[in-house]
1. Kindly put V99, V189, V221 in sequence by how many other C-beta atoms sit within 10 Å of each C-beta, fewest to most.
2. Could you pull out every residue, at least 5 positions away or on a different chain, whose amide H is within less than 5 Å of the one on V18? Hs are placed 1.01 Å off N in the peptide plane, and Pro or chain starts have none.
3. Just to be sure I understand: of the beta bridges DSSP finds with both ends in the chain, what percent are antiparallel, rounded to 5?
4. With angles folded into 0 to 90 degrees, how steeply does helix 118-128 sit against the dominant principal axis of the chain? Use alpha carbons for both and round to 10.
5. At 1.306 mPa s and 10 °C, plugging the Kirkwood radius over alpha-carbon pairs of the range 126-223 into Stokes-Einstein gives what diffusion coefficient in µm²/s?
6. Where does helix 150-159 land angle-wise versus the long Cα axis of the chain, in degrees 0 to 90, nearest 10?
7. Only Lys, Arg, Asp and Glu count, each charged at its Cβ (+1, +1, -1, -1), so figure out the dipole size of the range 24-85 about its Cα centre, rounded to 20 debye.
8. Starting from the Cα gyration tensor of the range 79-150, take the square roots of the eigenvalues, sort them a ≥ b ≥ c, and report rounded, prolate or oblate (rounded when a/c is under 1.5, otherwise prolate if a/b is larger than b/c, else oblate).
Amino acid sequence: MERPEIRLVLFDLDGTLVTLNFNADKTRSELHEYYFSEHGLDMFFKPVLQRIDEAERLIEEREGMAAAGAATARANEILRENEEEALVGARLLPNALDVISAFHNLGILAGVFSRTTVSVVEASIERFGLGPFDIILAREDTVETKPSPAPVQLALSNLNIKPEHCLVVGDHPYDILSGKGAGALSAGVLSGLAGKKALLDAGADYIFDDLRGLVLELLGVEL
């Protein structure tokens, strides 16, 4: 395998470096209960962020901009509360610390980009001693988050890196789509819920069983 010239690696957080104990069913149920009881919307909140945006548009049409904004604020509060609960029982994934060090030891910049709220991203990094990172991007840092390329584009701009020299690493098709949309290379790792086919269908350039395999193949470093 010809090794790419990587100057920046952007890691997804949940499912790639750590596993958060996020209860998606509980979150969707609470969001459905709120929107149905307060605004008469009977929606299934998957994917969560896209459905919150959709609900905002519907409420704005029916009730006006102020009501829509207030509803979205409450929905984000519900989501944030559940994400903070997910820190209980969270665990570090194998080789995560060593993999980050392997990139840094070769002079390669490293960052995190996540759809999770900033307080949970920062708490996870601190709890598990992840990093150091040259950039940390949470959900609130861009108007659009993954699968939009916006977070990757922001990282590239802030660190003055060309897309072809950036590697995006994640366990979910949204990670891959975000990277590919920005013109970056992408590597899927089979440490989350998505399978190999879903990651390849999203456009992954590489697929690895775990982070250890990634650094062995792309950096020539054995952990």
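Bear in mind that the values in this text are calculations on the coordinates, not laboratory data. Note that the structure is a prediction, hence the values are computed from the model and not measured. Quick reminder, even Gly has a Cβ in these numbers, built from the backbone with ideal geometry, and neighbours come from all protein chains shown.
1. Ranking V99, V189, V221 by Cβ neighbours within 10 Å, fewest first, gives V221, V99, V189.
2. Residues meeting the amide H criterion: L93.
3. Roughly 10 percent of the DSSP beta bridges within the chain come out antiparallel.
4. 40 degrees
5. 114 µm²/s
6. The helix 150-159 is inclined about 50 degrees to the chain.
7. On the way: 8 positive and 16 negative charges, 31 e Å.
It works out to roughly 140 debye.
8. Oblate shape, in that a/c is at least 1.5 and b/c is the bigger or equal ratio.
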